[in-house]
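Structure first, then comments.
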Amino acid sequence: MPDEVTLSFFILDVLTIVGAAAALTLRNLVHCVLALVLAFLGLAGLFLQLDAQFIGFAQILVYVGAVAILVVFAILLTRGTESTSQSIVSPSWIVSSVIAAAVFGVLAWTIQSSMASQHPLPPQPEVTVKQIGDALMSRFALPLEVIGLLLTAALIGAVTIAMQEKQGEK
Amino acid sequence: MTPLANYLLVSALLFSIGLAGALTRRNAILVLIGIELMLNAANLNFIAFWRYGQHPEALTGIMFAIFSIGVAAAEAAVGLALIISIYRHYKTTNLDQIDVMRG
């Protein structure tokens, strides 16, 4: 049993990291989105492995289903000007990479030396979708309302921003 | 190495990759993708700490992840709308060529 967990964790782990790294290093933007979908799927697998089934499937629905498609639309709508000879990274990429590596170093050192990461695995919690729905409707009702309002405002705002402002000009 | 530390390390690596992408790439859409990856790394932390915490029946980690996914979706929609709007104006999505705020 532990060996299987370790192996599947390793596979999902490699899938996620390779997908994320490819998404941010490839030159072709459509390939980037495909690699991003791979990373999102790996993350959903990690969520499923952590017994958070609802979050895992919500991840697939929201990210693979909606966000990735939205990014593809944005890429196809803004295509045509990027020249292949140009560099894909900004001039200050060395400094930025050093900053990112330093952030990872600090995080990894903290995780390794922290006592909080030494917990043994507790028994598998019984979490059903019904429980999540009950909690959303009772204890977390106010945050749910706020997130609904936020999503409505964000979608109306997105449509307003992306709309052609002056019809006669174009 | 304990399983929790494994998940936290993956999450830290994912966050750093997202940060590096958001800081180095010139295309605005890829910067947005980097930010999405960082948000996802935070979600992985929420779920890992929920699973290895003392009171998983309280569902706080799951709830936080649900709301975080909602906020990330709203952010992606508004961000991509802004990028499309900027592209109409400047005919480019390269961030170093978008250097004036005057319309």
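Each value in this text was obtained by applying a stated rule to the coordinates, not by laboratory testing. Computed from a predicted structure; not experimentally measured. Neighbour counts run over all protein chains shown; Cβ positions are idealised from the backbone, glycine included.
For each of A:K130, B:K91, count neighbouring Cβ atoms within 10 Å of the residue's Cβ, then give the residues from fewest to most.
Ascending Cβ contact count within 10 Å gives the list A:K130, B:K91.
If you line up the Cα atoms of chain B on their principal axes, what length do they span on each, largest first, in Å?
On the principal axes, chain B reaches 54, 27, 15 Å in Cα extent.
Of B:R25, B:R102, how do they rank once you tally other Cβ atoms within 10 Å and put the fewest first?
Ranked by crowding around the Cβ, least crowded first: B:R102, B:R25.
Go ahead and estimate [θ] at 222 nm for chain A from helices alone: -39,500 (n - 2.57) per DSSP H run with n ≥ 4, summed, over the residue count, rounded to 500.
So the calculated ellipticity at 222 nm is -22500 deg cm²/dmol.
Can you work out the Karplus-derived ³J(HN,Hα) for every residue in region A:124-138? Use 6.51 cos²θ - 1.76 cosθ + 1.60 with θ = phi - 60°, whole Hz, and x for glycine or proline.
4, x, 8, 10, 9, 5, 4, 4, 5, x, 4, 5, 5, 8, 10
Which Cα, out of B:V78, A:Q49, A:L7, lies furthest along the positive dipole direction of the protein assembly as shown (beta carbon charges, K/R +1, D/E -1)?
B:V78
Once label points are set 7 Å from the Cα along Cα→Cβ at both A:D134 and A:V14, what is their separation, rounded to one decimal in nm?
So the two model labels end up 4.2 nm from each other.
For a quick check: sort A:T152, A:T16 by the number of other beta carbons within 10 angstrom, fewest at the front.
A:T152, A:T16
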